[in-house]
Amino acid sequence: MQIRVSKTFFIMIKRLYYLLFVKFYKFYISFGEEDLPHFFSMSLLSLLVYFNIAAIFSYIEIRLYPHFYLQYSIDILVVVYIINYFIFMFKKRYVSIVENTKLSSNVLKKYIAAIAIIFYIILSVSMWVYMGAEVRSLNLSNK
């Protein structure tokens with residue numbers, strides 16, 4: 001039973017990740033730009049995941065300051081970007097992801113999904129900024 005619950009949890013997270021990619025993809029296309037919506041979507045998604053990871057590492061750094069110091073923050077962004085490249089771009093998987101991700105036609109569900117995505121973006125960026133400010137103040141106070 002425990003394995004099944006965790007497997008369905010990861011499947012749900014994967015579907016949400018793909019849905020976020022498709023929403024960014026369709027958002028970019030809605031402006032009439034059809035040049036590189038897949039790279040825009042992948043880059044934006046990589047940046048948001050980086051914000052989340054950096055906020056977590058910043059939190060750890062605040063709690064364990066003398067023993068933990070994150071020095072290679074940009075490397076994390078590069079690794080996330082490469083992972084997303086293989087998830088979406090390798091063998092043009094983004095085409096099947098966009099086609100297979102069925103967005104419901106119910107207007108209420110679309111608004112709820114849009115609000116959830118906007119909330120996720122705001123929360124990710126604000127946590128990254130807040131944790132970064134805390135780390136900077138910690139570094140300045142210990143110099």
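Taken together, the values in this text are just the output of simple stated rules run on the coordinates, not laboratory data. Since the model is a prediction, treat every value here as computed from it, not as a measurement. Positions of Cβ are generated from backbone atoms using ideal geometry, with glycine treated the same way; all protein chains shown enter the neighbour counts.
Numbers at a glance
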item	result
Partners for K92 among aspartates and glutamates (Cα-Cα distance below 18 Å; same-chain residues under 8 apart left out)	E34, D35
Within-15-Å neighbourhood charge of I29 [Cβ basis; K, R +1; D, E -1]	-2
Label-point separation, L138 to S43 (7 Å along Cα→Cβ), nm	3.2 nm
Using a Förster distance of 35 Å, the FRET efficiency for N100-Y130 (Cβ separation, nearest 0.05)	0.45
